[in-house]
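Remarks on the structure that follows.
The values are calculated or read from the model by the stated rules, or taken from the named source; none is laboratory data. Bear in mind the structure is a predicted one, so any value in this text is a computation, not a measurement. In this analysis, Cβ positions are derived from the backbone assuming ideal geometry, glycine residues included, and neighbour counts consider all displayed protein chains.
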Amino acid sequence: MTVVMMVSPMMGMPKMSPPELLSGMLGMPIMIGWIMHFMVGILFAFAFTYFLASKIKICNLYFKGVIFGIIVFVFAQIMMLVMGTMMPRPEMEGSMILTAMGSLMGHIIFGMAVAITVGNTCSSASCQSKE
């Protein structure tokens, strides 16, 4: 997701930097924003591994990752709305639709990377026979 965030301006999308957004909202240095963003990603990866991987009854790892990425994207958007009501939110550059699309793309790539790293934990017989 960090790579998508860094190359998105080269693809014509607005600059996206969740660490800058987090640090700006909290009035903290950018390093704190990076640490928070990576820690949230690690927590989501653990949540997927221990709670969701076996619950999502999809055998295809890529599709399972896409579903997980969309779930994380929706959660992130809800949290940004909640945080935005509690503290001042810095101005976003560029189109909100392009920013949302870039964020969705980054979260889907993150979800796929997590799902592929965790591997197939589907215990149903149909998944076992396809391996």
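Among the residues of segment 12-46, the ones that are part of a helix (DSSP H, G or I), crowded, with 16+ Cβ neighbours inside 10 Å and either over 16 Å from the mean Cα position of the chain (by Cα) or at pLDDT 85 or above (or both) come to 11 in all. If you check Ile71, Ile58 for being outside any helix (DSSP H, G or I) and in contact (Cβ under 8 Å) with a residue 12 or more places away in the chain, only one passes: Ile58. Applying the condition of being among the hydrophobic types (A, V, I, L, M, F, W, C) and over 19 Å from the mean Cα position of the chain (by Cα) to segment 47-59 and asking which residue is nearest to Ser95 (Cα to Cα) yields Ile58.
Of the residues making up segment 7-32, those that are out of contact with any Gly (no Cβ under 6 Å at 6 or more places or on another chain), within 18 Å of Phe73 (Cα to Cα) and not charged (D, E, K, R) are Ser17, Pro18, Leu21. Consider Ile116 carefully, then state whether it is more than 30 Å from Gly27 (Cβ to Cβ), surrounded by fewer than 17 Cβ atoms within 10 Å (Cβ to Cβ), at pLDDT 85 or above and hydrophobic (A, V, I, L, M, F, W, C). So Ile116 fits the description; yes.
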